[in-house]
Structure formats: C-alpha cells, structure tokens
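Novice: One structure, as structure tokens, below. Some questions next.
The values are calculated or read from the model by the stated rules, or taken from the named source; none is laboratory data. Since the structure is predicted, the reported quantities are computational estimates derived from the model, not experimental observations. Positions of Cβ are backbone-derived with ideal geometry, glycine not excepted, and every protein chain shown enters the neighbour counts.
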Amino acid sequence: MSTGALSKTVFVVVAFGLLAAFPLMGGSYGIDLVTKIMVFAILALSLELLVGSTGLVCFGQAAFFGIGAYAAVLLSPADAPPSLAWLLPACMAMAAGYALFVGALSLRTKGVYFIMVTLAFAQMAYFIVHDTPLGGGTDGIYLYIKPVLGPWIDLDHPLTLYAFTLACLVLVFGFLAQLRRSRFGRALDGIRVNEQRMRATGFATYPYKLAAFVLSGAIAGLAGFLFAVKDGFVNPEMLSWHMSGSVLIMIILGGLGHLRGALIGAFAFTLLQELFKSEAVFGSFARHWTLLLGLAIIASVALLPRGLAGLPGQWRERLLGRASRRAEVNGVAP
Amino acid sequence: MDLATFLIQCLNSLQYGLLLFLVASGLTLIFGIMGVINLAHGSFYMIGAYMAFALAQPVASTFGGGFFSVLLVGLVLAVVLGYVLEWAFYSYLYEREHLQQVLMTYGLILVFEELRSLIVGDEVHGVAAPAFLAGSIALGDMMTYPVYRLFISAVCIALALGMYYVFSRTRLGMMIRAGSNNREMVQSLGIDIKFLYRVVFAAGVAIAALAGMVAAPVSSVYPGMGSSVLIICFVVVVIGGIGSIRGALVAALLIGFVDTFGKVLMPEVAGVLVYVLMAAILLWKPDGLFKAA
Amino acid sequence: MTADVLLRGRGITRRWGGLTAVDRIDLELERGTVHAVIGTNGAGKSTLINILSGEIAPSSGQVELLGQDVTRWSQPRRARAGLGRSYQRNTIFPSFTVLENCRLAAQAQTPRPWLWWQPAARCPASVSAAQAAAGRAGLDHCLDQMAGMLSHGQKRQLEIAMCLATAPQVLLLDEPLAGMGAEETERMLALLRELKSGHAILLVEHDMDAVFRVADRITVMVNGTVIASGPPEQVRSNAEVQAAYLGGH
C-alpha cells in the first residue's frame, strides 16, 4: 500500500476507534453531541457522493434528510414501538423516492442552473411540510416511541443509539469507499471530470447521475431517520435551505473528493457552531452567532479551498514549490 | 369570484410579477455579465426594504423629505454599498468555481441578516406609502384599486425599459455586453474592465434595493424577506430559462399569477404551488421556457 | 471490388435560425481508408463531425453506421455500436493515470455498474482492452503516469488511445495533430497509417502537408458545402479548391 493510502487508512481506523471508545469518557451531553455529529457525518457523506464524486452540486440535500426524518415520525404507530426492520428501509425509500422525482427533473440541467433547481425543489418539500397539515406545521411533531429491533436493539437508550449510529456511519463509509473503487464509482468520477468524454466513449451518463442522486437521497434519509430518533422531534427547519447550505459547507470545510473530508467537516462545522453559540466564550453576543458563522464560512472557503483534508497536500505543494524554485535558481532540475 | 375581484387579483398578479422580474433581472445581470452567482442578492432587496423603514424618520427630520427623498437617499446608499462590496468582496469571486461563489455569498447572507438584526432588530415593520399615492383610483365603475400598487408596476416597467435602453442603445451598454463576452479584448481596448464590473454590480444592488424600498409599503418589512425573494427569483430563472430576459419576464408574470390566485383560492397549498408549476414546466421543457437570447 | 462503407452521411443539413452551417453533405467512410475533410474556419467541419458523432441532430439528412440508420441515436449509443471520436482539445482525464484513462474508456463496452463490491481496476476485460489500446497508440511505457503530466504530443496520443479502447470500427478524429511539433506529427501520422487497416477514419485537419501524405480521399468544404471530393492529386489540381483554399499556399 502506498504511503498515501496507508495514512488515509490509519486516519480512518483511528477516527472510528476513537468514536467507539468515546462513550467511556464522554458524559450524556457529549454522547448526545457526538451522536448528532455522526448523523451529520452520514448526511455529509451522502452529499459527498454527489458533489465530490459525481460533480453534482446539490443545494437541496436537506429535503431528503427531512423527508427521512418526517417519515420516521409519520410512519411510526402511536401505541407500540415500530420495528427497525421495516421502518428504517421505509424512511430511506421515501427519501430516495423524492430524490428520484427531483433527479429526474433536474439532472437534464447543468452548473448554476442545477444548483438553483435543487434548491427550489428542496423549498417545495419545505413548504409541503411547513404549510400543509401533512407535516404538522411550524411547530413540528414529536416521536414519542422509539423504534426497536426485536429484543436486541432499543433505540430509546442513548448508548444504544450511539452505537447504532456509529455502526451505520462505518457501514456507509465502507460502502461508499468500495463504491468509489467499483466500475460505477469510476464512471461517476469520469462524469465529474469530463462528462463529454464519457458520452463520446459510450456511457449513457444520465442513468448514472440519476442512480447516484437516488442513492445519495437514500443515505440522507438514513441520516434523517437517525436524527428524528435521537431528538424525538422533527420540524420544518430540517428541510430549510440553511440546512442544505450547512451540509455543503461541511464537505467543503472537510475537503471535497475525500470521504474522510465528510467526517472531518461534520465534526469541524458542528463544533464551530457550538463554539460560536456558547455564551461562556462570547457572552451575550452569542445570540448573534450566525454572524461569526457567516464570516467563518467565507474565510474557510477563501483560505482553505481544498478543505481540512487537503491541508497536508496544500502544505506539501507549498514546500515543493519552494524547493523547485530553489532548484531553478541553482540551475538544477526539480 | 366576481369579476371585480378577479380583475383586482389580475392587477395584483401583474404588480407582483413585475417586481419579481425586476429583482430577477438584477440577479441575472450580475450572473450574465460577471459570471457570479450571488445568493446575497435577496439580502439587497431586504436591505432596501429596511432602509425604507429606517430612513423615514432621519430623512424627515434632517431635510423634511418624504417618501421620494427616502428613495433617493436609499438609492445612493445602495450604489455606494454595491460599489464597496464589489471592491472588497465580489471582485475576488470572479475566477472562482460556482460552488465557492455559492458558499461565500451564502456566508455573506448570514452576515447581512445578523448585522441587520444588530442594527435594526428583528421586528416586522410597516412602511407608509406617501400620501398622494395612498388612495385608491376608480377603474371603470365597478371597482377601485390602490394607486400605490399601480405606482409599483409603473416603476418596474420604467426601470426595465431603462435597463433595456442602456444595454442596447448606449456606449456603456455596449461596453458591458462586450465585457461579458470577452474580458481580455475589452481590457486591451483600454476600457477599464474593473470599473465596468463595479458599475454593473452597483447597478444590480441598486435595482434590488430599489425594488425592496418600493415594495415595502405593500409587503411590509420582515427578516425573512430576503431569502424568500431570492428563492423565488431562482424559480423565475429556472422556469424562464437561464440567460433569457424574455423568459424571465414571462416566468415572473406566470409566478405572479399562480402565487396571487393561489393565495386567494387555495391558501394552504399556496406556498407549494409555485414549485409545482416549476416541476410541471421542467417536465415539459427541461431547459426552461426559452433558450438564452 | 465492392467498397466496405462503414459510415455514410446522406444529405446532411444543419440550420441555425437563418444560418445554414452544413448544406446537403454526402459523405462515405470506407474500411481501410483515411478520408480527410479540410476547409477554412467556419466551413462547417466541426458541425459535420458533431452530427456524425451524434452530439448535434441534423436539420435533415441521415447518418448510417455499419448499415444501420443511426440518425436518431444518441452519441453514447453510437459509440457503443463502434463509432469512436477524438476531440480537437484534449478531453482526457488529467487526474487519472494513462492506464486508467484507457480502462475507463474501455469500461463503456462492459459497464456492469451493479457490481459495486468489485474494484474496477481488477476488471479483466477493460484492463486488457486498455493495455492493448495504449500499446497501439505507443503509450505502453508510461501507463502509470498521471495523464495531466504527459507532454502535449503524448496527450494527443492518449486521446486516440481512449478512442481505440472501445474497439471501434469508425474513427472520427478532430485535428489530432493540433499543437504538435514535427517529430510528434510524424509519430501520429505513422499511427494513423497503421490504424487504417481495419478502421474507417475521418480526419479533420488543418495541416495540409500531413493531410496530403496520409489521406486516401479528401473532401473540401467551403461555407457548409462540398466543393471537391476525391483522391488527393485530383483535389490538389482542382481549380476551385486552389482558388478558395490552397491559393497562395
């Protein structure tokens, strides 16, 4: 294994190891926070599949997230705990269904146009949930009874939910890592780099993009399901474009094109938000934390174009650049 | 619905559609000429509306001006804001990918919203229309219609015609169009492209702010107005076809009608109707109604 | 001797508003020949090649590939049926290796996207097709190099290799010699001569020396119409062609 691949594997193994060990040291607040971050990491991974692998900048990921969450609440019976075995796939299927609808209509468009269309379709889902009686209105709805899997898994316990979420994260990560190396994943990469060449070679690119879109929607729905179960509460703001924007920022901050970037970005962004919101650090100004967040977003996009995961590469290039310039000055080939 | 109500709603639709067209034109202008997708465009609309509210008192007490003085002061401030913003921020976005532009201008929205919250607060405000425009005018002998709404439509039409004139008949318009096609060529001809872009951007900001100011008496001034108008503008561009001014006009009017009549006839789903319209049109014409001019 | 016509264009016309870019062009590509299309800028060569490859639909006319009417077929479908296309500007994947460039191109013939657990790099069909194509294009010594790091001439060779990876029968080559020095041009011409047997090649080019050296048939286009078509000597001595295009050369 090359050093690059080795360091990536080590990073991932260490990260998941730390996450597995965390409940031993974290209190209940910490466990809840890290569960939330892991859910966002799953959501970020779903968007990374679209943006980082396929080159489709979707500004409407919150819709699939929110639909997965609302499905978890709306499909759950009021009296007895529902079984994970059908509820989880059902939520993913509903999110994937909306992704199929949106994808079919948006994927004929490109570039900026595509960004606008996906944003608009997410707004559509937002308004359906916000305005119509279907979604319970602005106040949101509660999930009183958490799903179970037989006698073994009861997601009502925070620790069980933590472990289940971690397992989902590892599975999604592993699946996407394998997918990127597969024929399908390589085709998506090709479509991102040069769709015209892919078509000229004989790939019908639209079905590939649509499949990636639906898959991404399903994974986002999984994240939504987990989020609904964790909080026991869903509200329309889960489908807002601020949510969509936040997920995009997570993967940019973490580093586009790397699966671990989604992980890093989810952590960095959530922790940054917690920092800005904390009154301990900012006192009463913490009310206006979105100002700091906005500035942080601008700064990170401007200064870290390759994200945190791309920092080592950025530094390496800076060092190599210096070395090659020195070599040129000395008349030696770099 | 009786005929009078129907006609009133038609006029309302027209007014809303024209306002949308104006704001969407500013957005398309900046994108078409400088290649920057500016999510904060809605914030300029919001800033305009809040200026109409916040400047009323100071302008009245400083030199006894009324509504039109507020418009003028607001316009000047908007141009200055646009000029400074382009120099300090937007000029760095031209060479960047669309994703980066989207996220940086998104960050800017958050900054603007919070600054507004700090400076003016989060309450909803009303703005009074000027007295001589506040009444209703009789149309035929069966109904009356607010004069101010007709004024809004007139302002939008006048501005749209003004933009058309500048673009197709003046030297400035020619330089702008040339600059959007071939930046280097225009620069080599000795035209200061940086200055040109700054002017265009300031104009775009001014148009959005003016739209917000003019609309304020009718729509009231509230925190989320920037985001709502921005997303509807996106729908205008998507339905109309990117790059097509004619498409933007048709789309804006279409949305005006669907939204206005939707609110009257089916209030619970009114918010969704515009998007259903968009989905239906994309089903029929994946590239929007018109191709780029 | 009956000609083996692999690609035929009949009455191909393309209008844009009031402008006729291509006007009732007939074209035939026979196996084992290089058919060059030359003409000044704006003659309609790009439009013609785009119509033949399937990127643009003609306003009227038919395109036949291997005896089938493919006028309504999309570009990917034509490519899978045996039509390869290279572009004037490089459309290689700079961030992939040379081998991966060819392998991904070859994958179009054996897509199998549902096998998500299998690494694509181990797909025997696409890897061997890629190695063969790269070898034919003369790139087998740099298979593991990043395509973005290649010299310009090598990139143009890779562009051809990617076409060959899908084992096409017809090759539409759009200015493969663009930006090449003398040595690279020689290598490319040798490659083209070698590819002749077994393929029908359409060559759009500006380099007149190269065209006259490698083409078996030349079609000259001016303002969307064909003013001459035939063997090189016949075209070279055609008065109209000399006046319109080669005059003062």
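So that you can scan it fast, the table gives a plain yes or no per residue for (1) more than 22 Å from the chain's Cα centre (by Cα); (2) away from chain A (no Cβ under 13 Å); (3) small (Gly, Ala, Ser):
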{"residue": "B:Ser61", "(1), (2), (3)": "yes, yes, yes"}
{"residue": "B:Val76", "(1), (2), (3)": "no, yes, no"}
{"residue": "B:Leu103", "(1), (2), (3)": "no, no, no"}
{"residue": "B:Arg116", "(1), (2), (3)": "no, no, no"}
{"residue": "B:Ile157", "(1), (2), (3)": "no, yes, no"}
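Novice: Name the single residue that is surrounded by the most Cβ atoms within 10 Å (Cβ to Cβ) among those in the range B:252-293 being more than 12 Å from every other protein chain (Cβ to nearest Cβ) and within 19 Å of the chain's Cα centre (by Cα).
Specialist: Taking the candidates together, the pick is B:Ala252.
Yes/no per residue for (1) more than 23 Å from C:Lys45 (Cα to Cα); (2) of a type in the set (D, E, K, R); (3) surrounded by 15 or more Cβ atoms within 10 Å (Cβ to Cβ):
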position: C:Met162; (1), (2), (3): no, no, yes
position: C:Leu189; (1), (2), (3): no, no, yes
position: C:Asp207; (1), (2), (3): no, yes, yes
position: C:Ala239; (1), (2), (3): no, no, no
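Novice: Restricting to the range B:118-130, give me the number of residues that are away from chain A (no Cβ under 14 Å) and in contact (Cβ under 8 Å) with a residue 24 or more places away in the chain.
Specialist: Selection size over the range B:118-130: 7.
Novice: Let me ask something else about it. Those residues that are touching a strand residue (DSSP E or B) at 6+ places or on another chain (Cβ under 8 Å) and not aromatic (Phe, Trp, Tyr), I need them from the range A:113-155; list them, please.
Specialist: A:Gly135, A:Gly140, A:Ile141, A:Leu143, A:Lys146, A:Pro147, A:Val148, A:Leu149, A:Gly150, A:Asp154, A:Leu155
Each row is one residue, and each column tells you yes or no for (1) buried (at least 24 other Cβ atoms within 10 Å of the Cβ); (2) under 25 Å from A:Phe233 (Cβ atoms).
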{"residue": "A:Lys36", "(1), (2)": "no, yes"}
{"residue": "A:Ala41", "(1), (2)": "yes, yes"}
{"residue": "A:Val57", "(1), (2)": "no, no"}
{"residue": "A:Gln61", "(1), (2)": "yes, yes"}
{"residue": "A:Ala80", "(1), (2)": "no, yes"}
{"residue": "A:Trp86", "(1), (2)": "no, yes"}
{"residue": "A:Ala93", "(1), (2)": "no, yes"}
{"residue": "A:Gly103", "(1), (2)": "yes, no"}
{"residue": "A:Tyr113", "(1), (2)": "no, no"}
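Novice: Scan the helices (runs of 4 or more DSSP H) fully inside the range A:1-106 and keep the ones with 2 or more residues being in contact with a strand residue (DSSP E or B) (Cβ under 6 Å, 6 or more places away or on another chain) and within 15 Å of A:Ala220 (Cβ to Cβ).
Specialist: Passing ranges, in order: A:61-75.
Novice: Considering (1) in contact (Cβ under 8 Å) with a residue 40 or more places away in the chain; (2) more than 8 Å from chain A (Cβ to nearest Cβ); (3) not in a loop (DSSP other than H, G, I, E, B), say which one C:Glu28 fails and leave the rest.
Specialist: (1)
Novice: Regarding B:Leu230, is this residue part of a helix (DSSP H, G or I), aliphatic (A, V, I, L, M) and in contact (Cβ under 8 Å) with a residue 24 or more places away in the chain?
Specialist: For B:Leu230, the condition - part of a helix (DSSP H, G or I), aliphatic (A, V, I, L, M) and in contact (Cβ under 8 Å) with a residue 24 or more places away in the chain - is met.
Novice: May I ask you to list the residues in the range A:107-156 that are within 13 Å of chain B (Cβ to nearest Cβ), of a type in the set (A, V, I, L, M, F, W, C) and farther than 19 Å from A:Leu75 by Cα?
Specialist: Answer for the range A:107-156, where residues must be within 13 Å of chain B (Cβ to nearest Cβ), of a type in the set (A, V, I, L, M, F, W, C) and farther than 19 Å from A:Leu75 by Cα: A:Leu107, A:Val112, A:Phe114, A:Ile115, A:Met116, A:Val117, A:Leu119, A:Ala120, A:Phe121, A:Ala122, A:Met124, A:Phe127.
Novice: Are any residues in the range C:80-99 farther than 16 Å from C:Ile201 by Cα and at the interface with another protein chain (Cβ under 8 Å from one of its Cβ atoms), and if so, which ones?
Specialist: Residues satisfying the conditions are C:Arg80, C:Thr91, C:Ile92, C:Phe93, C:Pro94, C:Ser95, C:Phe96.
Novice: Sticking with this structure for a sec: Does A:Leu271 qualify as being outside any helix (DSSP H, G or I) and under 20 Å from A:Ile298 (Cα atoms)?
Specialist: no
Novice: Is there any pair with a first residue in the range B:14-25 that is more than 16 Å from B:Ile47 (Cα to Cα) and a second that is among the basic types (Lys, Arg) and in a helix (DSSP H, G or I) whose Cβ atoms are under 8 Å apart and which are 6 or more apart or on different chains, and what are they?
Specialist: From the range B:14-25, the pairs are B:Gln15/B:Arg149.
Novice: Quick one: what pairs do we get from the range C:105-119, first residue more than 7 Å from chain A (Cβ to nearest Cβ), second assigned to a loop (DSSP other than H, G, I, E, B), C-beta under 9 Å, 6+ apart or different chains?
Specialist: Hits for this filter: C:Ala106/C:Cys123; C:Ala106/C:Ala165; C:Ala106/C:Thr166; C:Ala106/C:Ala167; C:Thr110/C:Cys123.
Novice: Pick out the one residue from B:Ser188, B:Ser244 that is surrounded by fewer than 22 Cβ atoms within 10 Å (Cβ to Cβ), within 14 Å of another protein chain (Cβ to nearest Cβ) and among the polar types (S, T, N, Q).
Specialist: The unique qualifying residue is B:Ser244.
Novice: Could you go through the range A:198-206 and let me know if any residue there is touching a Leu at 6+ places or on another chain (Cβ under 7 Å) and at the interface with chain C (Cβ under 10 Å from one of its Cβ atoms).
Specialist: Yes, the range A:198-206 contains at least one residue that is touching a Leu at 6+ places or on another chain (Cβ under 7 Å) and at the interface with chain C (Cβ under 10 Å from one of its Cβ atoms).
Novice: Looking for whichever is modelled with pLDDT of 90 or more, in a helix (DSSP H, G or I) and surrounded by fewer than 15 Cβ atoms within 10 Å (Cβ to Cβ) here; the options are C:Arg156, C:Arg193. Which one fits?
Specialist: Matching residue, one of C:Arg156, C:Arg193: C:Arg193.
Novice: Kindly indicate whether A:Gly232 is at pLDDT below 95 and away from chain C (no Cβ under 14 Å).
Specialist: Yes.
Novice: Moving to a separate point now. Across the range A:269-317, which residue is farthest from the other protein chains (Cβ to nearest Cβ) among those that are without any contact (Cβ under 8 Å) to a residue 24 or more places away in the chain and basic (Lys, Arg)?
Specialist: This residue is A:Arg316.
Novice: Tally up the residues in the range C:52-79 that are within 14 Å of another protein chain (Cβ to nearest Cβ), in contact with a Gly (Cβ under 8 Å, 6 or more places away or on another chain) and outside any loop (DSSP other than H, G, I, E, B), please.
Specialist: Final tally of qualifying residues: 7.
Novice: Anything in the range C:85-138 that is small (Gly, Ala, Ser) and either under 17 Å from A:Thr205 (Cβ atoms) or not in a helix (DSSP H, G or I) (or both)? List them, or say none.
Specialist: Correct list: C:Ser86, C:Ser95, C:Ala105, C:Ala106, C:Ala108, C:Ala120, C:Ala137, C:Gly138.
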